[in-house]
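Here is the structure we will look at.
The values are calculated or read from the model by the stated rules, or taken from the named source; none is laboratory data. Computed from a prediction, not measured in an experiment: that's the story for all the values here. Ideal geometry is used to build each Cβ from the backbone, glycine not excepted, and the neighbour counts take in all protein chains shown.
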Amino acid sequence: MLASWRHPAREVWQHLWQTQLWELLGNTLLLAAGVGAGTLVVGAGLAWLVVAYDFPGRRVFEWALVLPLAMPAYVIGFAFLAMFDFAGPVQTALRRLAGPDVRLPDLRSGWGVVLMMTLVFYPYVFVLARVAFREHGRAALEVARSLGHSPRRAFLTVILPLARPSLAAGAALAMMEALADFGTVSTFGYRTLTEAVYRVWTGMFDRAAATQVASLLLVLVLAVLGLERALRGRRRFTRAARAAELSRLSLRGWHAAAASAACGVVLALAFVLPVAELIGWALELPAAERARRGFGGLVASTFVLAAASALLVGTLALVLAYARRLRPSRVASGAAQFASMGYALPGAVIAVGVLAPVAWVDRALAAAAEVTLGHRLDLVLTGSAAAVLFAYAVRFLAVGYQTTETALARIPPSLDEAARSLGVTLRGALRRVHLPLMRGGILSSLTLIWVETIKELPATLLLRPFGLKTLAIEVWERTSESLWAEAALPALAIVGVGLVPLLLGARLDRGRR
Amino acid sequence: MRLTVAILLAVLAAVVTGPATGGAAGEVVIYSARHYGQEPAFDEFTKKTGIQIKTLNGDAGQIFERLRAEGDKTPADLLLTVDAGNLWNAARAGLLAPVNSAELARNVPAHLRDPEGRWAGLTMRARTIVYNSRKVNPGELSTYEALGDPKWKGRLCLRTSGYIYNQSLLATLIRRHGEPRTEEIVRGWVANQPTLINGDTKIIEAIAAGQCDVGLVNSYYLARLLKKDPAMPVALFWANQQTTGTHVNVSGAGVTAHAKNRANAVRLLEYLSGLEAQQMFADVSLEFPVNPKAEVNAIVKAWGPFKQDDLNVAAAGEFQAAATRLADRAGYK
């Protein structure tokens, strides 16, 4: 990426400056800020509801509210447009009832995009906040209550500040994801920097200039990460060993109804509605056609890739986070931050960025083999599963790192010292002290990477070997031709495969308590 | 330890799924950015010749990068993609080698293939005006330029200027009229405050529902919707019949510069331009066959014959960057 700056595309920059740079920056900042605020409010609010209170449906909502994470953002976007667009059933019915000039506000706008992304990305905050609230919850709440605070005040003055690192990490992930998104913003015709990257790339056939535009995004990411650190504050929040279960406050009457409704509405909008729309599309396909399209193979390859990616990236994240804990130097933390940045870059830029060095090494290898072994060698790495996994690591390390690191940070350093003074080796300390305490965090890290991998498109598409195809690719091939009926089944399968770790996680979680 | 296991697993996976291997006899390897409608023709080709076809689908811009990065080691023999601009760009970058085939020259009209023989169009699509047949009298319509007439204020639906087929349309207009005149045309559209909708299908649906009255789309999208619902109140109008002709674009293919199976690739290219395959294209994807001997599908036939812009479609690539800048200048988002 930095190499692209060897030849600054002065004309392109000048052109952008003259026509749209400010609009692009403004839109992009608005999007990131909107998604950050939206996911914080929705994610933290719902997490507190399901952790601290009891109300009808809470048991279901507690795990079901994570489900929207399994939905690719552009799929929910299409579903909303199909439903609420001028030509969609809702507005058509409205016009019939209330006259031909009745309009709903246009979804193809800044607030529409923010709404879509908030609905898909709030689970990042929800998942991390839930863990934090549970772990800090009881002790903090009891102390607060003994001082005469109401639960609401206790939440605002004690628990929220304690959970700040987790909330900041979740919101940062959501914002980075929003910055990197191309599918949704292009569907909604909302111009952001990422959209401009593609426009310069495909419209001007100038990939180098496009990459330079993408590096502007890096500046924004640094801002987001800085914001995250600032939100976290200088204080360190740790907890004493394993926290006791929070005793829930039972809600009654309209309070209970309101809590159920809040959870219900979010779940309905972010999950039930798009899934229903997908099922509707799938049913448009004749039954014979549906049966003919076996995609067991696609499910299997998606599954294997997701598992390998979760394992690889999850481990890398753990190593990075642990290294930073052992030697909290500037270099270690700088390396970790640098490695996280890939998450906020458009996937296609990462994919091409990975392709160049891989192909270079590959060709060098082939040339060396020809000289030494004397026979021709084909490319081994380019177009291989290894290259795909490498790209996943570049893209999703941030997800694993943020979740792992916040979990690690909650463990008091005194435990490390205690372990060491008892003569436990480093590895032993990790295995016997940290890992058990970080279980929740590692579980969320693996889950998030899994889900991200299933939804990933550009890197898989570009770097994959012949014959390797995932569900996301199948969906893309159909939707790029507007064939929604044919795309619906594999899209549902994506949601299905994404559910596996979510449900598994929920089970493990319940088993633990 | 777990890291070692993970890396071992990754390497294992790489070995098992295998790197791309070109070069085996009796196959042809395709990098394709066209994902619909060619399968029946491919199957038929394999049945006839015994040559196996291996395809890797991808996004046009990315496939281009992969082909370039792989250089002379690429396993790809044929590049198949939509939009003449993409083909032009690949040829410019030296990724395609010229093919000298009398058969190809016979099957594909000259303006739908590269003058230097590096690529050839295989299907043709027209980007033209569609309108709500209950609200618009076709007599009110004439040219792309005339959509800037104030009478269409608030009645026009367009895709964004970032959409490749719009870029190609603007590129052709620039080639025909020069930049200043084209910019005037685009400013005319913008002054009519078009509703921007990303998706040709969505535009047609919006016109049917009455959100707008006229729009610009690729012909096959309307054909596909009419096939499902013949009563849909949206009709097609051939733009610029009295002047330069309707803008057309192609999906097409070219043999790669480092093809290991060049002979097979040329053979496939010739087959795809032949009558049998062209007929399949016409019926499956509802595009226009490039081969004049093949018949268009009945739905498409109902629109009648039309005069097409006979500029070489390579113009779409040559002026594409200029078109993108022009759209930005004119405020066409």
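The range B:151-252 holds strands (runs of 3 or more DSSP E) entirely within its bounds, and those carrying 3 or more residues that are more than 19 Å from B:ALA330 (Cα to Cα) map to B:214-218, B:234-237. If only residues of the range B:204-248 that are among the β-branched types (Val, Ile, Thr) and more than 18 Å from the chain's Cα centre (by Cα) are counted, the one that is surrounded by the most Cβ atoms within 10 Å (Cβ to Cβ) is B:ILE207. Of the residues in the range A:366-384, not one is surrounded by 24 or more Cβ atoms within 10 Å (Cβ to Cβ) and either in a helix (DSSP H, G or I) or away from every other protein chain (no Cβ under 13 Å) (or both). Restricting attention to the range A:271-295, report how many residues are modelled with pLDDT of 90 or more and outside any helix (DSSP H, G or I). Qualifying residue count for the region: 0. Considering the conditions (1) in a helix (DSSP H, G or I); (2) surrounded by fewer than 20 Cβ atoms within 10 Å (Cβ to Cβ); (3) at pLDDT below 85; (4) not small (Gly, Ala, Ser), A:ILE159 is excluded by exactly one of them, (2). Going by the structure shown, is B:GLY331 part of a loop (DSSP other than H, G, I, E, B), at pLDDT below 95 and either out of contact with any helix residue (DSSP H, G or I) (no Cβ under 6 Å at 6 or more places or on another chain) or within 13 Å of chain A (Cβ to nearest Cβ) (or both)? Answer is yes for this residue. For the range B:157-201, a residue qualifies if it is charged (D, E, K, R), buried (at least 19 other Cβ atoms within 10 Å of the Cβ) and without any contact (Cβ under 8 Å) to a residue 60 or more places away in the chain, and the qualifying residues are B:ARG159, B:ASP200.
Only one of the numbered conditions (1) crowded, with 24+ Cβ neighbours inside 10 Å; (2) within 12 Å of A:PHE126 (Cβ to Cβ); (3) modelled with pLDDT of 90 or more is violated by A:LEU69, and that is (3).
Scanning the range B:293-328 for residues that are charged (D, E, K, R), outside any loop (DSSP other than H, G, I, E, B) and either away from chain A (no Cβ under 11 Å) or out of contact with any Ser or Thr (no Cβ under 6 Å at 6 or more places or on another chain) (or both) turns up B:LYS301, B:GLU318, B:ARG325. So, in the range B:28-41, of the ones that are buried (at least 19 other Cβ atoms within 10 Å of the Cβ) and more than 11 Å from every other protein chain (Cβ to nearest Cβ), which residue ends up nearest to the chain's Cα centre (by Cα)? Top of the filtered list is B:GLN38.
The residue of the range A:235-270 that is modelled with the lowest pLDDT, among those that are among the charged types (D, E, K, R) and surrounded by 13 or more Cβ atoms within 10 Å (Cβ to Cβ), is A:ARG239. Inside the range A:411-432, residues that are closer than 30 Å to A:VAL125 by Cα, outside any helix (DSSP H, G or I) and not aliphatic (A, V, I, L, M) make up a count of 1. Of the residues in the range B:69-80, how many are within 20 Å of B:ALA120 (Cα to Cα) and within 12 Å of another protein chain (Cβ to nearest Cβ)? Total meeting the criteria: 1.
Hey, does the range A:131-147 have a residue that's of a type in the set (A, V, I, L, M) and within 25 Å of the chain's Cα centre (by Cα)? So far as the range A:131-147 goes, yes, one or more of its residues are of a type in the set (A, V, I, L, M) and within 25 Å of the chain's Cα centre (by Cα).
Looking across the range B:110-121, the residues that are assigned to a loop (DSSP other than H, G, I, E, B) and surrounded by 18 or more Cβ atoms within 10 Å (Cβ to Cβ) come down to B:ASP114, B:GLY117, B:ARG118, B:TRP119.
Would you check if there is a residue in the range A:410-428 being polar (S, T, N, Q) and within 14 Å of chain B (Cβ to nearest Cβ)? Yes, some residue in the range A:410-428 is polar (S, T, N, Q) and within 14 Å of chain B (Cβ to nearest Cβ).
Could you please let me know if A:TRP111 is within 26 Å of B:GLY210 (Cα to Cα) and touching a residue at least 12 places away in the same chain (Cβ under 8 Å)? Against the criterion (within 26 Å of B:GLY210 (Cα to Cα) and touching a residue at least 12 places away in the same chain (Cβ under 8 Å)), A:TRP111 qualifies. If you check B:LEU104 against the conditions, is it of a type in the set (A, V, I, L, M, F, W, C), within 14 Å of another protein chain (Cβ to nearest Cβ), in contact with a strand residue (DSSP E or B) (Cβ under 8 Å, 6 or more places away or on another chain) and not in a loop (DSSP other than H, G, I, E, B)? No: the conditions fail for B:LEU104.
Determine whether A:PHE55 is within 13 Å of chain B (Cβ to nearest Cβ) and either within 30 Å of A:LEU179 (Cα to Cα) or crowded, with 19+ Cβ neighbours inside 10 Å (or both). Considered against the rule, which asks whether it is within 13 Å of chain B (Cβ to nearest Cβ) and either within 30 Å of A:LEU179 (Cα to Cα) or crowded, with 19+ Cβ neighbours inside 10 Å (or both), A:PHE55 comes out as no.
Restricting attention to the range B:77-94, report how many residues are in a loop (DSSP other than H, G, I, E, B) and modelled with pLDDT under 95. Adding up the residues that qualify gives 3. Candidates in the range A:192-215 are the residues that are at pLDDT below 85 and not in a helix (DSSP H, G or I); of these, the one that is nearest to B:ARG92 (Cα to Cα) is A:PHE205.
Of the listed requirements (1) more than 15 Å from the chain's Cα centre (by Cα); (2) within 14 Å of chain B (Cβ to nearest Cβ); (3) buried (at least 23 other Cβ atoms within 10 Å of the Cβ), A:ALA488 misses just one: (2). Taking the range B:53-68 as the range and being more than 15 Å from B:ARG34 (Cα to Cα) and facing chain A (nearest Cβ under 8 Å) as the test, the residues that pass are B:GLU65, B:ARG66. Scan the range A:409-428 residue by residue and report those that are in contact with a helix residue (DSSP H, G or I) (Cβ under 6 Å, 6 or more places away or on another chain) and over 23 Å from A:ALA132 (Cβ atoms). Scanning the range A:409-428 gives a single hit, A:ALA419.
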